[in-house]
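Each remark here refers to the structure printed beneath this line.
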Amino acid sequence: MNTSFKTMLSIFLLTFLSYGSAFVTVGPAADNNCDYHNLEDAYNDADPFVRVTSNKTVNPNFTFTKTKWITGGYSSCASAAAGDLPNGTTHWLAPFDNMTTVDINTPDGSNSIIVLDRFDIYGGVNTAEFETGGIRVRGDVTLTLSNSIIRDHESHLGGGIQLSGGDVSVLVLNSVIKDNTSLYGGGGVSCTNSAQFTLMQNSSIRNNEALGGADLNLEPGHGGGLYAHSLCQASLLSGDNNDLFSVDNGVISNTAKGQGGGVYITGGANVNLTGNRNHPASIIGNISNINTTNVIIGGGGVYIQGNGNIPSDGSSFRSTNGRIEFNTAKHAGAGFGVTSGGIFTMKRADENCWDNDKCSSLSLNFVTDATGNAAAGYIYDASTASISGTYINQNNANQAALFELNHVGYLKLEGNLIINNGPLGQPFSSELIDVTGNNSFGSNLDFSYNTVVENNVAKHFYLHGSSQQWVRIHNSILRDQGDILDIDTGNIDPDLMISCNYVHEMDSINSATSAHPNFNQDNFNLDPNFVNPANGDYHLSSNSLAKDLCNNNQAQGQHKDLNGNTRGYDDPNIVNLRGTFDAGAYEDISTDIIFKNSFD
């Protein structure tokens, strides 16, 4: 049975069937109304459902090998038998040290479904190599954890949950995975060998830690929240709109001694962070503490490590309506780091959301070192990043405030509002974006339809090194301070094109050199006439000449604007310069009575 289908079936069963089918009850020895006083005896019963009282602590010492639904939190066995709804949780304690608290290993082809609902599962200690003290899931099974807490386990791999195998799926609903530790990786969760993991509804992976060992080469301590390896498929759907310091849901406040404070991805694993129109999915407040001399990229929020081949192994992270905020690294890459052919993608969905300027947010990430770099993201070694329709705000590092591209790194920025980014403890960041080329390994940047304002940087695009960089800056608005271009590439001119932009200065553009002929066209040092910049509204006013300024021939935009509007609306009141496309993050459709309210 397909694991996705089994996941949906589990949700259906959880909603409709658990309170009306054949069941047995488990409670303390003093409760004579109970069918059993031991969970293993109830598990061996033929009835598929088990109801456990909240005053019974279970510590089973057996392996789950078949379909079973176990619900805790009942006030008594009589209440459970009467069909009353549970109103608490049941403690599930590890039976001994050096054991797994919940061990699941179902036979191949069994298509098993196991549900654990309303349990506080805690206290397992098992730090033997690649073992977990928490929940281990193998075989052919979908495990649903609902209304539960998985906490205070000590492990070697996968502090709270360890899942492995192509027929394994774990679904976490309205549950918290917290305060667990691991040595090797995955302080909260380890997902390997094509397993599927889903975090959804009001759930969180929080305050877990990948400790690392004495030798970080052997026990690296990657992935404070989630360690995704070997074709793992993970979906993170939980988040909320709360203020930064009161968030409840998502991947929150995890720490890694190594890389990937929140999430670490490698071995062809794929992780999707997916919010909806009502709330984001969140990776917030995570920390990478990597501090070795040969590794500078932390990936405080997310770290993606490909295998370095061309093509790479497909290790990837994709965010839609995601919130990657307030993550920390020591040296570089606080929001994310991607290397060795990995792929990072971040965008908003087309439909309106809870805050239509911030459906997707890469903000408030910071690098703590005095020479820190790339607070938003570091793209290295033939890796790619594509960020569109995203609010990029208040990221702080003293060198490149936002991004560094190095060793054939590629970054595409389209339709973003880039605002208030800058240094951490000095007057200016050295640059906004660093594009480095070394020893015939140039990096490449596509920059189109972005609005860049109120950033505290000495320069915006710093092109340097001993190889040619390919940089395209089109259809954007840069109303900031500091030079736009600073080119230091020795005897090699960059392959630079900059056209159809509203800018705050032309000197650095006019003095630039490029291997591309006619690289500087239709750039204007003019006020774009924003609606209300003093109050953060950077839409174009009705009389802005940045409207209908450009065509899409060079920019080759692929996405809608920051508010989800289709680009290229032809305002009948504006004379077109190059075409019907507005410069900057927003396409003004205010004169379109059909589409301005998102009616098709």
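The values are calculated or read from the model by the stated rules, or taken from the named source; none is laboratory data. None of the values given here were measured: they were computed from a predicted structure. Positions of Cβ are generated from backbone atoms using ideal geometry, with glycine treated the same way; all protein chains shown enter the neighbour counts. To get the accessible areas, we keep the full protein, side chains included, count just its heavy atoms, and leave off ligands, DNA and RNA. Shrake-Rupley method; radii C 1.70, N 1.55, O 1.52, S 1.80 Å.
Taking the conditions exactly as written (among the hydrophobic types (A, V, I, L, M, F, W, C) and modelled with pLDDT under 95), does residue 344 satisfy them or not?
On the way: among the hydrophobic types (A, V, I, L, M, F, W, C): yes; modelled with pLDDT under 95: no.
For residue 344, the condition - among the hydrophobic types (A, V, I, L, M, F, W, C) and modelled with pLDDT under 95 - is not met.
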Given (1) more than 21 Å from residue 253 (Cα to Cα); (2) more than 14 Å from the chain's Cα centre (by Cα), number of the condition residue 345 does not satisfy | (2)
Listed by first then second residue, the pairs whose first member lies in the stretch 579-594 and is modelled with pLDDT under 95, whose partner is of a type in the set (Phe, Trp, Tyr) and open to solvent by 30 Å² or more (accessible area, probe 1.4 Å), with beta carbons under 7 Å and at least 6 positions apart or on separate chains, are 589/569; 589/595; 592/569
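I'd like to know if the stretch 499-506 contains one or more residues that are open to solvent by less than 40 Å² (accessible area, probe 1.4 Å), over 15 Å from residue 524 (Cβ atoms) and of a type in the set (A, V, I, L, M).
Taking the stretch 499-506 and keeping what is open to solvent by less than 40 Å² (accessible area, probe 1.4 Å), we get 499-506.
Narrowing the set further to residues that are over 15 Å from residue 524 (Cβ atoms) leaves none.
No; the residues of the stretch 499-506 include none that is open to solvent by less than 40 Å² (accessible area, probe 1.4 Å), over 15 Å from residue 524 (Cβ atoms) and of a type in the set (A, V, I, L, M).
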Test residue 534 against the stated conditions and say whether it is open to solvent by 30 Å² or more (accessible area, probe 1.4 Å), aliphatic (A, V, I, L, M) and out of contact with any helix residue (DSSP H, G or I) (no Cβ under 7 Å at 6 or more places or on another chain).
-> yes
How many residues are in contact (Cβ under 8 Å) with a residue 60 or more places away in the chain, open to solvent by less than 10 Å² (accessible area, probe 1.4 Å) and part of a loop (DSSP other than H, G, I, E, B) if we restrict to the stretch 261-297?
-> 5
Any chance the stretch 487-495 includes a residue that's at pLDDT 95 or above and not polar (S, T, N, Q)?
-> no
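Provide a single number: the residues in the stretch 235-260 that are in a loop (DSSP other than H, G, I, E, B) and without any contact (Cβ under 8 Å) to a residue 40 or more places away in the chain. Before the answer, list the steps.
Filtering the stretch 235-260 for residues in a loop (DSSP other than H, G, I, E, B) gives 237-243, 247-249, 253-254, 257-260.
Checking which are without any contact (Cβ under 8 Å) to a residue 40 or more places away in the chain leaves us with 242-243, 247.
Of the residues in the stretch 235-260, 3 are in a loop (DSSP other than H, G, I, E, B) and without any contact (Cβ under 8 Å) to a residue 40 or more places away in the chain.
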Take residue 155 and decide whether it is crowded, with 24+ Cβ neighbours inside 10 Å, in contact (Cβ under 8 Å) with a residue 24 or more places away in the chain, within 18 Å of residue 261 (Cα to Cα) and touching a Ser or Thr at 6+ places or on another chain (Cβ under 6 Å).
-> yes
Conditions: (1) touching a residue at least 60 places away in the same chain (Cβ under 8 Å); (2) among the hydroxyl-bearing types (Ser, Thr, Tyr); (3) under 22 Å from residue 285 (Cβ atoms). Residue 368 meets all but one. Number of the miss?
-> (1)
Identify the single condition in (1) more than 15 Å from the chain's Cα centre (by Cα); (2) part of a strand (DSSP E or B); (3) over 19 Å from residue 462 (Cα atoms) that residue 369 does not satisfy, given that it satisfies every other one.
-> (2)
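Restricting attention to the stretch 528-543, which residues are touching a Phe, Trp or Tyr at 6+ places or on another chain (Cβ under 8 Å) and in a loop (DSSP other than H, G, I, E, B)?
We begin by selecting, within the stretch 528-543, every residue touching a Phe, Trp or Tyr at 6+ places or on another chain (Cβ under 8 Å); these are 528, 530-531, 537-541.
Hits for the stretch 528-543 are 528, 541.
If we only count strands (runs of 3 or more DSSP E) wholly inside the stretch 149-234, which ones have 2 or more residues that are among the small types (Gly, Ala, Ser), more than 19 Å from residue 99 (Cβ to Cβ) and at pLDDT below 95?
Numbers: elements: 149-151, 154-157, 161-164, 168-173, 176-178, 181-185, 189-192, 196-200, 204-206, 226-228.
Ranges flagged: none.
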